[in-house]
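Rule-based calculations on the coordinates, nothing more; no lab input. Source: prediction; values computed, not measured. Please note: Cβ atoms are built from the backbone with ideal geometry, for glycine as well, and neighbour counts cover all protein chains shown.
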Amino acid sequence: MTSPRQRAIAEFVLDHLVWFMLAFVLIVFSIFVPNFFQVGIFANIVEQSTFVGVMAIGLAIVIIAGHMDLSVESTAALAAMITGILFCSRGIGIGLTLTPEWLVLPLSLIIALAIGAAIGLLNGFFVIRLKMTAFIVTLASFIWVRGLVVAISGGRSAQDLAPSIRVIGIYQILNVPLIAWIAIACFAVFSFIMTRTPFGRHVTLVGGNSVAAFRAGIKVDRLLFISFILAGAIAGLAGWLLAIRTSGATANLGVGMLFHAFAAVVIGGVSLKGGVGRLPGVYAGVLLLSSINTAINLMGLPAHYTQVIQGMLVLAAVLLDTLKLQIRQRFA
Amino acid sequence: MNTGPLLQLDDIRMNFGAIEALRGISFSVGRGEVVALLGDNGAGKSTLVKIISGGLKPSSGAMTFDGREQTFASPAAAKAQGIETVYQDLSLCTNVDVVGNFFMGREIVKKYFGIPVMQEKAMEEVVAKAMANAGTRIPSLRTNVEYLSGGQRQAIELNRFAHWGGKLVLLDEPFAALGVEQTRRGLAMIKQIAAQGIGVIIITHIMAQAFQVADRIVVIRQGLVAGDVAAKKTSPDEVVRMITGESYGGAAQETRPNGP
């Protein structure tokens with residue numbers, strides 16, 4: 001038998017494992033990787049984490065609700081491409097302008113969010129109304145939405161985003177660009193929503209046992225629809241930020257981000273079974289991946305190794321999830 | 001408050017095509033009364049439970065609940081009136097703590113700028129009070145339900161049911177997965193729930209449990225009531241004979257109590 005105190009400590013460590021991993025990795029890199037320990041590097045890690053981070057929020061919410069959304073990457077790319085086409089002045093951009101000029105900023109954001117929400121709504125419709133498996137539905141979306149991006153761009157790119165939108169990518173607070181702060185703000189807002197509002201609680205309940213939630217009078221279908229729409233809209237936001245960062249959009253913008261987001265979500269402690277996970281942990285997962293990326297770059301290793309390491313990290317994270325369960329059972 | 005029985009079934013019949021699952025069931029449950037529903041496999045117990053809790057519509061017959069004739073279109077409709085079946089593992093979310101489960105879908109919120117924010121402290125106080133009133137002890141209300149025993153889970157379900165104004169609870173084999181000590185506590189729990197004026201229908205195969213907890217025993221056999229007797233006025237042997245069809249316990253009906 002173990003004392004409640006020991007158990008409480010074990011629980012705390014298990015629940016926040018990703019933070020310990022992040023701290024460990026940062027300390028080890030700071031000691032052993034030359035030039036790692038400097039403000040610029042840390043700011044860069046935070047900046048790098050922006051797009052995958054934002055995308056991971058929506059993905060995490062849908063997984064916590066007990067489903068899956070593989071379409072977030074393509075959705076982000078579509079939002080980025082349409083932002084690019086509308087508000088870029090070169091390439092395939094049509095250079096839409098408004099008076100006053102700053103109006104393009106909110107308008108482009110609203111358009112990006114709406115595109116994402118529309119795809120989320122479509123995913124939700126197939127999964128909830130037609131009772132199709134979320135994995136397959138969103139895999140299909142992952143493919144056709146990317147196809148749409150390539151089709152509407154004709155494989156070409158849009159460059160030179162309107163300066164009044166780009167301002168967000170240039171302006172910095174504490175060495176960190178505004179887009180990264182937006183990602184951090186998103187994590188703060190959605191962490192609050194997930195832990196403190198009935199919506200977040202219901203998402204967790206539905207992910208844990210949708211039958212019980214339904215029997216308790218929670219509108220499960222409505223809740224799942226909102227989750228999918230949110231995931232889509234958040235992916236749209238990620239795409240908008242991506243377009244700002246690259247000052248335009250290419251047909252293959254963001255390829256591979258899904259797997260980074262997915263890895264971060266799993267490493268961050270979100271269980272693929274649903275009902276378990278915290279968004280701050282997901283952010284720590286994103287930071288962890290970015291730190292490893294940065295360290296690999298600094299060490300001058302070929303970038304290809306990044307992918308190998310990330311794959312192993314995902315495996316390790318899932319293994320950890322299983323181990324945690326066993327440790328918990330011993331303590332229970 | 002109505003003084004008649006809580007639930008009155010009158011000549012309930014249920015046909016599935018040519019098969020008569022129930023051939024005219026009549027019995028009643030009083031407020032605060034525990035009724036054990038016994039019968040062999042296929043006797044019609046499950047069908048009856050589904051009809052009472054709104055899962056099935058009877059082919060004919062009348063059901064009076066709380067003084068009004070009712071036909072429930074769905075389990076949700078029955079629940080809204082205060083009738084619920086507690087199935088193990090179907091009504092709790094084990095990934096959430098005790099407080100979260102207790103308030104499932106009914107969270108206490110306070111609005112800040114139109115955004116509903118859960119009031120965790122207030123909710124915890126309510127749960128602590130409800131649990132204390134029922135004499136249930138759970139180490140921490142912030143523990144996820146997955147780490148609690150089957151008996152503790154049942155206590156949460158029943159207390160939650162009582163707290164939110166439940167009037168009649170149906171328990172289908174509630175102790176199937178529990179140990180001896182937990183079963184003993186579960187039975188005490190049922191008596192406590194009944195003492196609050198809630199009607200309880202418990203379905204069990206275990207004769208000893210039925211006699212330990214029930215005020216009245218109703219035996220169903222081949223879709224008919226084969227016996228309806230006060231638990232104190234019968235014996236396990238006699239009940240077994242009713243279940244197998246060697247004796248009819250209807251004579252005891254005159255002597256049955258009308259609840260507390």
Checklist entry - Looking only at B:Leu171, B:Leu48, B:Leu56, which one moves most when chain B is put into a Gaussian network model with springs between Cα atoms under 10 Å? => result B:Leu56
Item to check | Centroid-to-centroid separation of segment A:2-70 and segment A:193-252 [C-alpha atoms, Å] | outcome: 21 Å
Checklist outcome for this item: HN-Hα couplings for segment A:138-145 via Karplus (6.51, -1.76, 1.60; θ = phi - 60°), in whole Hz with x for Gly/Pro, come out as 7, 5, 4, 4, 3, 7, 6, 5
Checklist entry - More than 14 Å apart: what percent of Cα pairs in segment A:31-93 qualify? => result 71 percent
Item to check | Choice from A:Val276, A:Val206, A:Val13 showing the highest fluctuation, given a GNM over chain A with Cα pairs closer than 10 Å | outcome: A:Val13
Checklist outcome for this item: chain B, Gaussian network, Cα under 10 Å: of B:Ile115, B:Ile203, B:Ile138, the residue fluctuating most is B:Ile115
Checklist entry - Please report, for the Cα atoms of segment B:96-164, the Rg to one decimal and the Dmax as a whole number; what are they, in angstrom? => result 12.4, 42
Next on the checklist: When 1/r is averaged over all different Cα pairs and the result inverted, which Kirkwood radius in Å belongs to chain B?
Outcome noted: 19.2 Å
Next on the checklist: Let me make sure I get this right: for segment A:47-206, a, b and c are the square roots of the gyration tensor eigenvalues over alpha carbons, sorted descending. Under 1.5 in a/c it's rounded, otherwise prolate if a/b > b/c, else oblate. Which is it?
Outcome noted: oblate
Checklist entry - Listing B:His205, B:His163, A:His202 from the residue with the fewest other Cβ atoms within 10 Å to the one with the most, what is the order? => result B:His205, B:His163, A:His202
Item to check | chain A - mean residue ellipticity at 222 nm from DSSP helices (-39,500 (n - 2.57) per run, n ≥ 4, rounded to 500) | outcome: -24500 deg cm²/dmol
Checklist entry - Based on the Cβ-Cβ distance of A:Ala151 and A:Lys219, what FRET efficiency does E = 1/(1 + (r/R0)^6) give at R0 = 41 Å, to the nearest 0.05? => result 0.65
Item to check | Longest exposed-site-free window of chain A, the sites being chymotrypsin sites (Phe, Trp or Tyr not before Pro) in a DSSP loop that have at most 15 other C-beta atoms within 10 Å | outcome: A:172-332
Checklist entry - Relative contact order for segment B:96-164: what is it in percent, counting Cα pairs under 8 Å that are at least 6 residues apart? => result 38 percent
Checklist entry - Where does the longest stretch of chain B lie that holds no trypsin sites (Lys or Arg not before Pro) found in a DSSP loop with 15 or fewer other Cβ atoms within 10 Å? => result B:143-260
Next on the checklist: Using the Cα centre of the protein assembly as shown as the reference point, and only Cβ charges (+1 on K/R, -1 on D/E), how large is the resulting charge dipole? Debye, rounded to the nearest 20.
Outcome noted: 420 debye
Item to check | J(HN,Hα) series, segment A:252-262, from Karplus relation 6.51 cos²θ - 1.76 cosθ + 1.60, nearest Hz, glycine and proline x | outcome: 9, 4, x, 4, x, 5, 4, 6, 5, 4, 4
Next on the checklist: Which of the three applies to segment A:1-131, rounded, prolate or oblate, going by the alpha-carbon gyration tensor with a ≥ b ≥ c and a/c under 1.5 meaning rounded?
Outcome noted: oblate
Item to check | 18 Å Cα-Cα threshold exceeded, pairs from A:Lys219/B:Lys79; B:Lys57/B:Lys167; B:Lys167/B:Lys191; B:Lys191/B:Lys232; A:Lys219/B:Lys167 | outcome: B:Lys57/B:Lys167; A:Lys219/B:Lys167
Next on the checklist: Apply the a/c threshold of 1.5 to the C-alpha gyration tensor of chain A and tell me whether it is rounded, prolate or oblate.
Outcome noted: oblate
Checklist outcome for this item: segment A:166-308: relative contact order from alpha carbon pairs under 8 Å, six or more residues apart, as a whole percent, is 21 percent
Item to check | Value of [θ]222 nm, deg cm²/dmol, for chain B, DSSP H segments ≥ 4, -39500 (n - 2.57) each, nearest 500 | outcome: -9000 deg cm²/dmol
Item to check | Over chain A, relative contact order from alpha-carbon pairs under 8 Å, at least 6 apart, % | outcome: 33 percent
